[in-house]
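Take a look at the structure below.
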């Protein structure tokens, strides 16, 4: 009986830990509300942008945005380029979230001899050598390409 009384506090602590972990998982999955605390609502999509996203969804043709960004650690990019790339990536993710699947964002980090490099070249994007950063490393500009399925054409029945 005494052994049972000694284990009871441990059981309560274990139960509270499981309850806390479960509640944390539920809140993280359900919490989609975000707010923009910047002075000029820099991270809030404008009504015009939301209208365009809505029209893209109503068109029935999903838009794919391919975002190519260099890995800042691989090519030693200056901080302003890294910050800019992150901001563009965050904005594209906001477009995707607001579109409810009518806008698909694909992010690529091209490195030499990779599928991401092949995809970039197929999209008409090539690397450049910049002596002021890392003489032998290719620098990929932060680049965005888009595509959408072609509009259905009417057949000419004669």
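The values are calculated or read from the model by the stated rules, or taken from the named source; none is laboratory data. Values in this document were obtained by computation on a predicted structure and should not be read as measured data. Neighbour counts are summed over all protein chains in view; Cβ atoms, including those assigned to glycine, are modelled from backbone coordinates with ideal geometry.
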Within the range 70-105, count every residue that is part of a helix (DSSP H, G or I), touching a residue at least 40 places away in the same chain (Cβ under 8 Å) and in contact with a helix residue (DSSP H, G or I) (Cβ under 8 Å, 6 or more places away or on another chain).
-> 5
Those residues that are touching a residue at least 24 places away in the same chain (Cβ under 8 Å), within 14 Å of residue 70 (Cβ to Cβ), surrounded by 12 or more Cβ atoms within 10 Å (Cβ to Cβ) and more than 19 Å from the chain's Cα centre (by Cα), I need them from the range 112-126; list them, please.
-> 125
Residues being modelled with pLDDT under 80 and within 16 Å of residue 114 (Cβ to Cβ): count how many of those fall in the range 60-87.
-> 5
Note on residue 108: of the conditions (1) touching a residue at least 24 places away in the same chain (Cβ under 8 Å); (2) surrounded by fewer than 14 Cβ atoms within 10 Å (Cβ to Cβ), unmet is (2)
Going by the structure shown, is residue 52 out of contact with any helix residue (DSSP H, G or I) (no Cβ under 7 Å at 6 or more places or on another chain), at negative phi and either modelled with pLDDT under 85 or not in a helix (DSSP H, G or I) (or both)?
-> no
